[in-house]
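This report refers to the structure that appears directly beneath it.
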Amino acid sequence: KELPLFSPKSKPCLWASSNNNTTSRSKQEQLQPQLQPHVLHLELLQERRRISHSTSRLHLRRSSFNMRRSSQESCLPSAAKLLLLMLLGALSAAIADAAEGDEAAAAAALPPSWKESEQEQQQQQPQQQQQQQQQQEQITQASPTQEAASNDRSHAPSNSTAAISTIAEAVESAAASGAATTATLAESGSDSTSSTSSNEHQVLGNATSNLASGEASTAGHQVEKKQDEQKVAVEAEHQKAEEREEDKELAERLGVSASDVGNLRGSIARNETELAALSASLGSCDSPERPLDARCTGCPPMYNGKLCATTTWYEDHTKGSCGCGDAPMVSESYWTLTSFTAALNTASLDPKNPANTYCLAGCGTCYEICTTGGGVNSMDTLTPHSECQVFKVTNRCADGWYEGMGPNWCSQQMSYDDCKADPHKCKSNGNTNMYGYAAHFDLQDAHRQIQNTLGWMNPEVTFEAVDCSLWNGPDGSTCPGCEERPWWWR
C-alpha cells in the first residue's frame with residue numbers, strides 16, 4: 001500500500017491540539033525542520049516502491065510476450081519439417097517411377113545382337129561351372145570357411161544367369177510385339193495410303209468442278225458485262241439521237257443551222273467541265289459542319305457535272321409563301337400536300353429580293369432531284385444512287401438566312417447561280433449553308449411520300465431546273481394567291 005504524502009490533512013495529529021494556539025504553532029515550527037528529513041525519506045521509499053511495482057509488471061508482460069513468441073517459433077520448425085518431408089517423399093516417389101520407366105524402356109529397346117551374346121554366355125556356362133566346382137573342391141580341402149564362401153560365390157553366377165534369361169525373354173516378347181506393331185503400322189499405312197489416294201482423287205475432282213464452275217461464272221460475268229456495255233452504248237446513241245432532234249427543233253425555232261446549236265451545246269459542256277475542275281481545285285466550301293458521307297466535291301459541291309444540294313422533309317398545311325391555295329389552311333387532299341412539292345432556300349428562290357416572304361420570283365418552278373448515294377446528317381437510311389424525282393416549288397425556306405440566326409439549312413447568302421459563277425466568293429464562310437452546299441430543298445411529307453414512298457432520309461442530291469410538264473401532278477395545279485397579285489407587286 002502506498003504511503004500518503006506529508007500534508008496537514010494526512011497528518012492531523014500534528015495540528016489536532018492547536019486550537020489556534022501560538023505556543024503549539026511555535027512548537028510545530030520548531031519540530032518541522034526535524035521532521036523534514038523523515039518526510040523526504042518516506043517519499044523516497046514510496047517512489048521506489050512505485051517504480052519497483054511498475055518494473056515487475058513490465059517484466060511480467062515481457063515474459064508473457066516472450067513465451068507466446070517462443071511457442072509460435074517452436075511451431076514453425078515443425079510445420080516446415082513436415083512440409084519438407086512431404087516434398088522429399090513426393091520427389092523420391094517420382095524418381096522411383098522414372099527409374100522404373102527407364103528400366104522398362106531400356107529392356108524394350110535392347111537390340112537382337114544382345115540376345116545372341118546372352119545365348120553364347122549360356123553355352124559357356126557349363127564350362128564355368130565345372131571350373132568353379134574344381135576350385136570349390138580345392139577350397140574345401142583348404143578350409144570349411146572358404147568352402148562356405150565358395151558355395152556363396154557359386155550361387156551368384158546362377159542367379160545372374162537367371163536374371164539374364166528373364167531379360168532375354170522380355171526382349172523376345174518386346175521384339176515380337178514390335179514386329180506385330182510394325183505389321184499393323186504397315187497395314188494401316190497401306191490403308192491410309194489408299195484412303196489418301198482416294199481423298200486426293202476426291203479433292204482433285206472437287207477442284208476440277210470448282211474450276212469449271214468458276215470458269216462458267218467468269219464467262220457469265222463477262223457476258224453480263226458485255227450486255228451492260230451494249231445497253232450503255234444503245235442508251236448513248238439514243239440520247240445523241242434525241243439531242244440531234246432537239247438541236248433541229250431549236251435551230252428551226254431560232255432560225256439558225258443545227259450545227260450552230262451543236263457547237264453551242266459543246267461549248268456549254270466544256271464550260272461545265274471547266275467549272276467542275278475549278279470547283280474541285282478549290283476544295284470544299286467553308287462551313288461549320290461536314291456531311292457524313294458526301295459524293296459531291298468542290299465548291300460549290302458538284303457531282304457528274306451537276307450542282308449538289310442538301311435535303312430535308314417537312315409538313316406544312318398552309319398555302320405557303322407561294323400562295324398555293326384558296327385559303328390560309330388547305331385541306332388534307334390538296335395537291336400541295338399529296339404531290340411531290342418542295343420549299344427552296346430563299347437566296348436561290350429570289351436572288352434579287354431574298355428577304356421577300358410572299359410570292360417570290362421562283363415560285364412554281366420545277367426541279368429534277370437525283371440522289372447521289374451519299375448522306376448528309378443521317379446514316380440510318382441509306383438512299384440508293386441515281387433515284388430521281390421532279391418536284392414543284394411551292395414554298396420558301398429561310399432557316400438561318402436572317403442576320404444573327406446562325407448557320408442552318410437555308411442560311412445561304414448567295415444563290416446557287418451566283419456560287420456557280422464565282423466559286424472563289426462562294427467558298428467564303430456563310431455563302432453556303434451549314435454543310436457547305438449552295439442550295440437546299442425542304443420536301444413536303446404530309447402524306448409520307450418522302451419517307452415511305454421514296455424511302456429518303458435527308459439524302460445528298462443533284463438538281464437541275466426542268467420544264468414543269470415533267471412534274472407528275474394534277475391538272476390545274478396553280479398558285480392563285482400569287483397569280484392574282486396586282487401589277488405593282490409583280
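The figures follow:
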item: Carbon and sulfur %, accessible surface of segment 380-445 computed with the full protein complex present, 1.4 Å; result: 46 percent
item: Heavy-atom accessible area per residue - segment 420-490, 1.4 Å, Å²; result: 51 Å²
item: Residues of segment 285-415: accessible area per residue with a 1.4 Å probe, Å²; result: 41 Å²
item: Computed over segment 329-386, Cα set: Rg, Dmax in Å; result: 15.1, 38
item: Loop chymotrypsin sites (Phe, Trp or Tyr not before Pro), segment 413-489, which have at most 16 other Cβ atoms in a 10 Å radius of their Cβ (DSSP); result: Trp487, Trp488, Trp489
item: Segment Asp326-Gln230, length gained on full extension (0.36 nm per residue, minus Cα span); result: 29.4 nm
item: Segment Asp260-Glu387, length gained on full extension (0.36 nm per residue, minus Cα span); result: 42.4 nm
item: Accessible area, probe 1.4 Å, largest first, for residues Leu42, Leu84; result: Leu84, Leu42
item: Loop sites in segment 308-367: chymotrypsin sites (Phe, Trp or Tyr not before Pro), DSSP, at most 15 other Cβ within 10 Å; result: Tyr358
item: Value of Rg/Rh across segment 398-490 [Cα atoms, Kirkwood radius]; result: 1.03
item: Set Lys392/Lys425; Lys225/Lys392; Lys231/Lys306; Lys248/Lys352; Lys240/Lys306 screened for pairs whose C-alpha atoms are more than 26 Å apart; result: Lys392/Lys425; Lys225/Lys392; Lys248/Lys352
item: Per-residue SASA entry for Met86, accessible area with 1.4 Å probe, Å² rounded to 10; result: 120 Å²
item: Heavy-atom accessible area ranking, 1.4 Å probe, most first, across Cys479, Cys468; result: Cys468, Cys479
item: Solvent exposure, largest accessible area first (probe 1.4 Å, DNA, RNA and ligands not counted), of His447, His238, His317; result: His238, His447, His317
item: Low-density loop cleavage sites - trypsin sites (Lys or Arg not before Pro) in segment 342-425, where at most 15 other Cβ are within 10 Å (DSSP); result: Lys352
item: Segment Glu237-Asn472, length gained on full extension (0.36 nm per residue, minus Cα span); result: 81.9 nm
item: Heavy atoms of Asp316: accessible area, 1.4 Å probe, square angstrom to 10; result: 40 Å²
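The values are calculated or read from the model by the stated rules, or taken from the named source; none is laboratory data. Since this is a predicted model, take the numbers as computed values, not measurements. When we count neighbours, we look across all protein chains shown, and the Cβ atoms used for this are built from the backbone with ideal geometry, even at glycine. Surface accessibility is based on the protein's heavy atoms, side chains included, excluding ligands, DNA and RNA. Shrake-Rupley method; radii C 1.70, N 1.55, O 1.52, S 1.80 Å.
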